[in-house]
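*Asks:* Below are the C-alpha cells for one structure; questions will follow.
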Amino acid sequence: MVEDDLRERVARFVTAEVMPCEPVLDAGGPAAAAALGGLRDRARAEGLWALPLPRELGGGGLPLRAYAALAEAEGASDHGPAALGSAPLLDVTMLSRHTGPRVRAEHLRDLVAGRTRSCFAMTEPDVPGTDPTLTATRAERLAGGGWLVTGRKWFTSGAADAGLVTVLARTGGAPGDRAGLSLLLVPTRSPGFRVVRELPVFGASGQYEIALDRVEVPGDQLLGEPGAALAVVGERLQLGRVLRCLRWLGQAQRAFDLLCHRAATRAGSQGPLGDHQLVQQHVFDALLALRTTRPLVHEAVALIDAGRDARTEVGLAKVAAARMLQRVTDSAIQIHGAAGLGPDTPLPALFRTGRAARVLDGPDELHITSVARRVLRGYGTGAAGPG
C-alpha cells in the first residue's frame, strides 16, 4: 500500500538522517539551524516534505487519518516533525479555518514552506493553566480598529525562533467570564514584543516566557470572532493533543525497541538479560502499554478526522499516552542500568518527555475529571453512556 510505503520511507529518514543529528539539534544555535536546514532540504528532495499540509499550499495533502501512522514514525525523534515540515500543521489548520483572506494569503505559504515558524501562547505566570477564563493578558480596541495587547505568557514552545505567535487575551468582560476572550495573531517583530527568558524543562530547551507591552495588532488578525476564543481553543487543543499522542507513540516504540535490543544482546555471567523473568516482565508490560494505548489514540484521530466530538476520546488518549511513554521508557532505562541514565542513549530525553507530558498541555488531573464528569452527565440524563 502507498501509505505503508510512505511510513517506511519516513521511518528510514528519521532513523538514518534525523536521529544522528539529535545532539546538534538539541544544543541549539547556528549549528542546529544549519543542520535543520540540511535535513529539510533532503526531506524535500525525497518527497517527504509537509505531508499532512494542504497540497495547494505546497504540502502533501494527506488527511489526518492517513497521516496518523506517519506521525508516529516522525515523532520517534522530537525533531522529526520540524525536519519533515509537518510541525506547523496545527497552526496552518487554525489559520485556514479561522482567519480572513489577507492573513491567510500573507502567512500560510510561508508557514508550509518553513520560512516562518509559529507558536501558541495561552498559559501565564501566577494564573492556573487549567482555567483560561482567568487570563490576565488584555487587548484594548484602538480607534482605527486594531488591538493593543499587554501581558505576559510562559511555556510558549519555540517562541525564540517564531515569526508569529497566537495570543489568548481578554478583549471584554471580567476575569472568570467565559465570554470576552479572543485569539490574536501577533508578529514577533512587533515593537513591544519580547522574549523574557528560556524555561528549560528538566534541562531541555524550547520553552520560553514572553512579554507583550502595548503591542499593536491589526484588527483582522483575530482567529474567530471577538470574545469567542474558547471554542477555537477547544478545537485547537483537541487536534494538538492527538498529534502529540501520535508522536509519543513513536517515541515509546523507540524506547521499546531499545529495551528489547538490550535484553536480547546484553549477557551476564548467567546468560542474556532476556532469559530473566523479571526482564521478561518489563518487556511484557511495556508491550501491553503500547498495544492498549495505540487504539485509544487512533480512535480519537478517527473522530476528529470525521468532524465529530472527540473530547472524551482525546482526554483518554492524552492521559494514556503520557503515562505509557513514561512507563515504557522507565522500563528501558531499568534494563539498560547505568547506561540508561547517561548521554549514550536517547532514553533520558524520552523519559523527560514522558514526565513533562503528564503536566504540559493539560495535567492528568484535568483530563481525568473532565472525562469523568462528561461520562457521568450522560448517565444522569438517563442515557446509557456519554455518547
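The values are calculated or read from the model by the stated rules, or taken from the named source; none is laboratory data. Remember, it's a predicted structure, so these values are computed and weren't measured experimentally. Virtual Cβ from ideal backbone geometry, glycine too; neighbours counted across all protein chains shown.
*Asks:* Would segment 199-217 turn up any residue that is aromatic (Phe, Trp, Tyr), assigned by TED's automatic domain parsing to the domain that holds Leu142 and in a loop (DSSP other than H, G, I, E, B)?
*Replies:* Within segment 199-217 (the criterion being aromatic (Phe, Trp, Tyr), assigned by TED's automatic domain parsing to the domain that holds Leu142 and in a loop (DSSP other than H, G, I, E, B)), the answer is yes, since at least one residue qualifies.
*Asks:* Here is a follow-up. Taking segment 112-166 only, how many residues are part of a helix (DSSP H, G or I), under 25 Å from Ser96 (Cβ atoms) and not small (Gly, Ala, Ser)?
*Replies:* 3
*Asks:* So which residues in segment 304-339 are touching a Cys at 6+ places or on another chain (Cβ under 7 Å) and not hydrophobic (A, V, I, L, M, F, W, C)?
*Replies:* Lys318
*Asks:* Here's a follow-up. If I go through segment 168-203 residue by residue, how many of them are over 16 Å from Glu140 (Cβ atoms), over 20 Å from the mean Cα position of the chain (by Cα) and among the aliphatic types (A, V, I, L, M)?
*Replies:* Of the residues in that region, 3 qualify.
*Asks:* Can you name every residue in segment 191-210 that is modelled with pLDDT of 95 or more and surrounded by fewer than 17 Cβ atoms within 10 Å (Cβ to Cβ)?
*Replies:* Pro191, Gly192, Arg194, Val195, Val196, Arg197, listed by residue number.
*Asks:* Considering only residues that are free of Cβ contacts under 8 Å to residues at least 24 places away in the same chain and either in a helix (DSSP H, G or I) or among the aliphatic types (A, V, I, L, M) (or both), look in segment 340-364 and name the one that is nearest to Ala317 (Cα to Cα).
*Replies:* Once the filter is applied, the top-ranked residue is Val359.
*Asks:* Could I ask something else about it? Would you check if Ala139 is of a type in the set (Gly, Ala, Ser), in contact (Cβ under 8 Å) with a residue 12 or more places away in the chain, touching a Lys or Arg at 6+ places or on another chain (Cβ under 9 Å) and buried (at least 16 other Cβ atoms within 10 Å of the Cβ)?
*Replies:* yes
*Asks:* For segment 299-307, indicate whether the set of residues that are farther than 26 Å from Gly234 by Cα, surrounded by 19 or more Cβ atoms within 10 Å (Cβ to Cβ) and in contact (Cβ under 8 Å) with a residue 24 or more places away in the chain is non-empty.
*Replies:* No, segment 299-307 contains no residue that is farther than 26 Å from Gly234 by Cα, surrounded by 19 or more Cβ atoms within 10 Å (Cβ to Cβ) and in contact (Cβ under 8 Å) with a residue 24 or more places away in the chain.
*Asks:* Has segment 149-158 got any residue that is touching a Lys or Arg at 6+ places or on another chain (Cβ under 8 Å) and closer than 15 Å to Gln207 by Cα?
*Replies:* Yes; the residues of segment 149-158 include at least one that is touching a Lys or Arg at 6+ places or on another chain (Cβ under 8 Å) and closer than 15 Å to Gln207 by Cα.
*Asks:* On to the next question. Which pairs do you get when a residue that is more than 15 Å from Leu243 (Cβ to Cβ), found in segment 49-64, comes within reach of a residue that is surrounded by fewer than 17 Cβ atoms within 10 Å (Cβ to Cβ) and of a type in the set (Ser, Thr, Tyr), reach meaning Cβ atoms under 9 angstrom, with the pair 6+ apart or on two chains?
*Replies:* Pro54/Ser96; Leu57/Ser96
*Asks:* From the list Ala252, Ala264, Ala231, which one is without any contact (Cβ under 8 Å) to a residue 40 or more places away in the chain, part of a helix (DSSP H, G or I) and out of contact with any strand residue (DSSP E or B) (no Cβ under 7 Å at 6 or more places or on another chain)?
*Replies:* Sole residue among the options that is without any contact (Cβ under 8 Å) to a residue 40 or more places away in the chain, part of a helix (DSSP H, G or I) and out of contact with any strand residue (DSSP E or B) (no Cβ under 7 Å at 6 or more places or on another chain): Ala231.
*Asks:* Next question, about the same structure. Condition first: among the hydroxyl-bearing types (Ser, Thr, Tyr) and touching a helix residue (DSSP H, G or I) at 6+ places or on another chain (Cβ under 6 Å). Now tell me which residues in segment 270-325 satisfy that.
*Replies:* Thr293, Thr312
*Asks:* Can you name every residue in segment 274-293 that is over 35 Å from the mean Cα position of the chain (by Cα) and either part of a helix (DSSP H, G or I) or on the phi > 0 side of the Ramachandran plot (or both)?
*Replies:* Across segment 274-293, the qualifying residues are Asp275, Gln277.
*Asks:* Continuing with the same structure: Looking at (1) farther than 19 Å from Val201 by Cα; (2) under 23 Å from the mean Cα position of the chain (by Cα), which one does Arg352 not meet, given that it meets all the others?
*Replies:* (1)
*Asks:* Would you tally the residues in segment 75-93 being under 12 Å from Ala43 (Cα atoms) and either surrounded by fewer than 20 Cβ atoms within 10 Å (Cβ to Cβ) or not small (Gly, Ala, Ser) (or both)?
*Replies:* Summing the residues that are under 12 Å from Ala43 (Cα atoms) and either surrounded by fewer than 20 Cβ atoms within 10 Å (Cβ to Cβ) or not small (Gly, Ala, Ser) (or both) in segment 75-93 gives 2.
*Asks:* Surrounded by fewer than 19 Cβ atoms within 10 Å (Cβ to Cβ), on the phi < 0 side of the Ramachandran plot and at pLDDT 90 or above, is that true of Gly219?
*Replies:* Taking the combined requirement at face value, the residue satisfies it.
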